[in-house]
1. Out of all the residues in region 165-172, is one or more surrounded by 15 or more Cβ atoms within 10 Å (Cβ to Cβ) and among the acidic types (Asp, Glu)?
2. Among what's in region 22-47 and is of a type in the set (A, V, I, L, M) and in contact (Cβ under 8 Å) with a residue 60 or more places away in the chain, pick the residue that is farthest from Asp88 (Cα to Cα).
3. For the structure I just gave you, tell me whether Ser18 is touching a Lys or Arg at 6+ places or on another chain (Cβ under 6 Å), polar (S, T, N, Q) and in contact (Cβ under 8 Å) with a residue 12 or more places away in the chain.
4. Looking only at residues in region 114-144 that are crowded, with 16+ Cβ neighbours inside 10 Å and of a type in the set (Asp, Glu), which one is modelled with the highest pLDDT?
5. Just give me the residues in region 126-142 being more than 11 Å from Leu234 (Cβ to Cβ) and in a loop (DSSP other than H, G, I, E, B), in sequence order.
6. Considering only region 115-148, state which residues are in contact with a helix residue (DSSP H, G or I) (Cβ under 7 Å, 6 or more places away or on another chain) and aliphatic (A, V, I, L, M).
7. Counting residues that are over 30 Å from Leu158 (Cβ atoms) and out of contact with any Leu (no Cβ under 8 Å at 6 or more places or on another chain), which helices (runs of 4 or more DSSP H) fully inside region 177-284 reach at least 3?
8. What are the pairs, 6+ residues apart or on separate chains, where a residue within region 235-246 that is under 19 Å from Leu179 (Cβ atoms) has its Cβ under 6 Å from a residue that is of a type in the set (Val, Ile, Thr) and assigned to a helix (DSSP H, G or I)?
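The values are calculated or read from the model by the stated rules, or taken from the named source; none is laboratory data. All values derive from a computational prediction rather than experimental measurement. Reconstructed Cβ throughout: ideal geometry from the backbone, glycine too, with neighbour counts over all protein chains shown.
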Amino acid sequence: MFSIIIPLYNKSTTIQKSISSVLLQKNADFEVVVIDDGSTDDSREKVHQMKDDRIKYFYKQNGGVSSARNEGIKKSIGDWLLFLDADDELLPGALEVWNHLKEKYTQCKFFVGNFEWAQESVPSKMKLYDKQTHCPFLGMWLRKFYPSPRNMLIHRSLITQYGDFDERMSFFEDWDFSLRMARCGVIGYTNAYIARYNQGREGLSQTAHAMEKEMAYYIPEMMDNKISFWNKALLYENIEFEIGWWKHDQKASVYYKEMLNSCFPPIYQVLHWFRQKFIQYHFI
């Protein structure tokens, strides 16, 4: 069974559309677990208006998106978990794609698909492919796939092994989660479009927030011998992003620059330079 977990906070205008995109999925056994994270609008009423036994609604005091997703994990019963934001949508046939990948790559417990951004449309003509990799961190560094809540499928056993969402984080908390899940060592992925990301390209990470809410703030405690070379390369990239974001805040900028110097040998700076050139010239 698929458990589609939707954290909900004051999204009364979009939650029905999000849930409906799941209910319209065909040929799949699923439940929709909605975790209302202390909404103060009429989100509860909007969910209760939808009469379907597959919808399970739970209310909790506000604790942030990570705590809501973790509550959804606890309340869900499926072996396979998907995370959808309350303003996003599953695209038609998404669960059929996941079923296909599960049957094709039976040893995989982590799958990644494609997703479209708001105001964009899926290409009308594209050559579809399915692949798997035993080097998931390198694949992410090369931008072959990008796991996010709406386009990844996780087997529950991985959460037991690597932990759930870090509730200290509200920014790039999904990236932290994805990197830990990727320690499973093998990922199945496809370029088929799974979901529509309706928040926009700026995303939540571009809004004002405290450093302590960021994944990058806690990177020093992640740096141990269990972290692979390419996993560290991805952490380095995240810090470079934060330096750019905090460029007008001297304290934060200094904090992250010192982190680069203390946690990463020079090879990662060289790799970052090459990666930027690869992106610039569309090699990746």
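1. Yes, region 165-172 contains a residue that is surrounded by 15 or more Cβ atoms within 10 Å (Cβ to Cβ) and among the acidic types (Asp, Glu).
2. First pass over region 22-47, keeping only residues of a type in the set (A, V, I, L, M): 22-24, 28, 32-35, 47.
Pick out the ones that are also in contact (Cβ under 8 Å) with a residue 60 or more places away in the chain and you get 22, 24, 28.
Numbers: Val22: 10, Leu24: 14, Ala28: 20 Å.
Among them, the one singled out is Ala28.
3. Numbers: touching a Lys or Arg at 6+ places or on another chain (Cβ under 6 Å): no; polar (S, T, N, Q): yes; in contact (Cβ under 8 Å) with a residue 12 or more places away in the chain: yes.
For Ser18, the condition - touching a Lys or Arg at 6+ places or on another chain (Cβ under 6 Å), polar (S, T, N, Q) and in contact (Cβ under 8 Å) with a residue 12 or more places away in the chain - is not met.
4. Asp130
5. So the first thing to find is which residues in region 126-142 are more than 11 Å from Leu234 (Cβ to Cβ), and the list is 126-135.
The answer is Met126, Lys127, Leu128, Tyr129, His134, Cys135.
6. Selection gives Leu138, Met140.
7. Details: elements: 219-222, 229-245, 250-263, 267-280.
In region 177-284, 250-263, 267-280 are the helices (runs of 4 or more DSSP H) which contain 3 or more residues that are over 30 Å from Leu158 (Cβ atoms) and out of contact with any Leu (no Cβ under 8 Å at 6 or more places or on another chain).
8. Leu235/Ile219
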